[in-house]
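As structure tokens, the structure follows; a few thoughts come after it.
The values are calculated or read from the model by the stated rules, or taken from the named source; none is laboratory data. The structure displayed is predicted, hence computed values, not measured ones. Note: areas computed on protein heavy atoms with side chains; ligands, DNA, RNA excluded. Shrake-Rupley method; radii C 1.70, N 1.55, O 1.52, S 1.80 Å.
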Amino acid sequence: MSKTLAAEIATRTLEVINPANRTVAMAATLRRHGFDPNVTELPANPADRAELIAWLLATYAPRE
């Protein structure tokens, strides 16, 4: 996963008004981009963009 894609997913996730639905929205977006949302437990209530980007990169970016 690129930094740009992680930022886009984080932004779209946080645009969801109801915090309870953000995890569902993030899982759907990950599936749409070909990532398995079941690889690890998704954050319960994502609220901070920078933290969400860091989590996405740590979880889905290729390790060098």
For region 1-47, with all protein chains present and a 1.4 Å probe, just round the carbon and sulfur fraction of the accessible area to a whole percent. 53
For the chain, how big is Rg over Rh, using alpha carbon atoms and the Kirkwood form of Rh? 0.92
Heavy-atom accessible area per residue - the chain, 1.4 Å, Å²: 64
